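K.L.:
Quick one: the structure is below, and I'll ask about it shortly.
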Amino acid sequence: MTDRELPFFVYGTLRPGEPNHDLFLRGRTRSEEPGRLDGAVLYEGPGYPYAVEDRGGVVHGEVVTALPEVYGELLVALDRLEEYVPGDPRSLYARVEREVILDGDGRTVRAWVYVAAPWVAARLRAGGKPIGSGDWSAR
């Protein structure tokens, strides 16, 4: 595995109770803990949200730790779901390593986060609709 086996910070359709959680994560995780990503603003998308990096914002979601035996296949599946291809400028998202704060105890962990790709982020900043609460589940 060339990528570090980090947990994933999910904030949209992969959160518990959302449709892609059951499709991609059920039975494949060791833990799921509420957390937040500081330094990003959440924007509405076409049926799913985008996190856009911005110092003034906060995004709420879950820190999901995959079972080690399925990590590699899950990483590939999530990259495909998020239309992320490393090095491809047409990707909708970029997978980046960021610090996320766990709500339960305030600890900071490093996690993979799918943020809007630069070209998508520019469009959203110019004319997108921010989700003021930073919580897509509360929309």
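K.L.:
Give the span of the chain's Cα atoms along each principal axis, as three whole-Å numbers ordered largest to smallest.
P.N.:
42, 36, 26
K.L.:
Of the heavy-atom accessible surface of region 7-139 (probe 1.4 angstrom), what whole percent is carbon and sulfur?
P.N.:
Whole-percent figure for carbon plus sulfur exposure: 51.
K.L.:
Next up: Quick one: length gained pulling residue 103 to residue 126 fully straight, 0.36 nm per residue minus the C-alpha distance?
P.N.:
Length difference between fully extended and current span is 5.2 nm.
K.L.:
Between residue 88 and residue 110, with labels modelled 7 Å along Cα→Cβ, what's the label distance in nm to one decimal, could you check?
P.N.:
Using points 7 Å along Cα→Cβ, the separation is 2.6 nm.
K.L.:
For every helix of n ≥ 4 consecutive DSSP H residues, a contribution of -39,500 (n - 2.57) applies; sum these over the chain, divide by its total residues, and give [θ] at 222 nm rounded to the nearest 500 deg cm²/dmol.
P.N.:
The helix contribution divided over the chain gives -4500 deg cm²/dmol.
K.L.:
On to the next question. Roughly how many Å² is the accessible area per residue of the chain, as a whole number, for a 1.4 Å probe?
P.N.:
Using a 1.4 Å probe on heavy atoms only, each residue of the chain averages 52 Å².
The values are calculated or read from the model by the stated rules, or taken from the named source; none is laboratory data. Worth saying up front: this structure is predicted, and the values here are computed from it rather than measured. As a convention, Cβ positions derive from the backbone with ideal geometry for all residues, glycine included, and neighbour counts pool all protein chains shown. Please note that ligands, DNA and RNA were not included when accessible areas were found on the heavy atoms of the full protein model with its side chains. Shrake-Rupley method; radii C 1.70, N 1.55, O 1.52, S 1.80 Å.
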